[in-house]
Amino acid sequence: MEMPKLTDAHRKLEKLVGNWAGKETIKPSPFDPVGGAAVGRVDNRRALDGFAVVQNYEQERGGKVSFRGHGVFSWSVPENCYVLHWFDSMGFPVTEMKGQFEGDVLVLTSHSVMGHSRATFDVAKPGRYAFRMDMSQDGQQWMTFMDGEYAIAAKKSAKSPAAATSKKSAKPKKRAKPKRAAKAPKATKKSKKPARKGGARRK
């Protein structure tokens, strides 16, 4: 049996790879009657020697993480299409979405008794990508549930440049050697000359 090999279809998924962050807009819907603004963070990484791209996603609203998701993108050779297996913090069973790249836009759809959903990933602009999730009851008329615009997120340096420079420039202080106690002066030797007998002469 010949082992599967990477194809151009697999490599095209690498356009999604990156650590992304951006603003999102949630539209009013039965799932979220009010809607509102959110911040999305997406970490897409190449996995399984290039046969898949794994996504970890979190959404923040009001300063708190409100939703998390985990997805696996792959290319199905037998079905000749892209497949996304999606898990999230809503607790529903895994969602399977399938589709194709239309130019630089990956369009994936899912059909179930719960309804129809369509996810669009636009990677036409280098260093940026746009996402949109549409919902439908009949698979014909679609309503946008949410959309987002993301850019490559800057990686935080573990050490600030200023701190690194100051560490290099600062020379370690040498420990002061303990001072030795001053030696006591040597006692002067008394003269060994004998004193004159008879004392001093009278004038």
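Every number here is computed from the coordinates shown, using simple stated rules; none is lab data. On a predicted model such as this, the values are computed, not experimentally measured, just so you know. Ideal geometry is used to build each Cβ from the backbone, glycine not excepted, and the neighbour counts take in all protein chains shown.
Quick look at the numbers
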read-out: R0 of 30 Å, Cβ-Cβ distance L48-Q141: FRET efficiency to nearest 0.05; value: 0.20
read-out: Ranked list, fewest to most other Cβ atoms within 10 Å of each Cβ, for V105, V65; value: V65, V105
read-out: Violating pairs (Cα-Cα greater than 27 angstrom) within the set K64/K98; K12/K98; K5/K98; value: K64/K98
read-out: Residues M114, M3, sorted so that the one with the fewest Cβ neighbours within 10 Å comes first; value: M3, M114
read-out: Largest-first ellipsoid semi-axes for the stretch 8-152, taking √(5λ) over the Cα gyration tensor eigenvalues, angstrom; value: 23, 19, 14
read-out: Two-site label geometry, L6 and A37: point separation in nm, points 7 Å out along Cα→Cβ; value: 4.0 nm
